[in-house]
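Reading through the structure tokens given below for one structure.
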Amino acid sequence: QVQLVESGGGLVQPGGSLRLSCAASGSIARSNVMGWYRQAPGEARKLVASISTAGNTNYADSVKGRFTIARDGAKKTMYLQMNSLAPEDTAVYYCNYRDWGRNSWGQGTQVTVSS
């Protein structure tokens, strides 16, 4: 199995920035996709951004130009740089890992954008 641990959430004012991190451990496949999802109260969990081991990225329209996803050289830690945060970005953010046969989730980290 793959274990995921998120960090970096918190309270930030509108227009501010946060960086989320997700550390993966365990049996990590050479080819995989990691991503960030978010879930606001009363809403379904939605994809924010994803990145493959090949470096291919995908962003939700609502975060394009504001958020940047990246992975470290070892491909075991993923980051989400969030700039120009707005109240509608408030949600629990979850780290996700997928490979040929597995789908793992982190415990989630709260991001609150409020003045």
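Brief remarks follow.
- Computed with a 1.4 Å probe over protein heavy atoms only, the accessible surface of the chain comes to 51 Å² per residue.
- Using C-alpha pairs below 8 Å separated by at least 6 residues, the relative contact order for the chain is 37 percent.
- Burial ranking of peptide ranges 57-63, 20-26 (average Cβ count within 10 Å, highest at the top): 20-26, 57-63
- Each of Thr68, Tyr93, Trp105 was scored by the projection of its Cα onto the charge dipole of segment 66-115, and the greatest displacement toward the positive side belongs to Trp105; charges sit on the C-beta of Lys, Arg, Asp and Glu.
The values are calculated or read from the model by the stated rules, or taken from the named source; none is laboratory data. Please read these numbers as outputs of a predicted model, since none were measured by experiment. Glycine gets a Cβ as well: all are built from the backbone with ideal geometry, and neighbour counts include every protein chain shown. When the accessible area is computed, the model is the full protein with side chains, heavy atoms only, and any ligands, DNA or RNA have been set aside. Shrake-Rupley method; radii C 1.70, N 1.55, O 1.52, S 1.80 Å.
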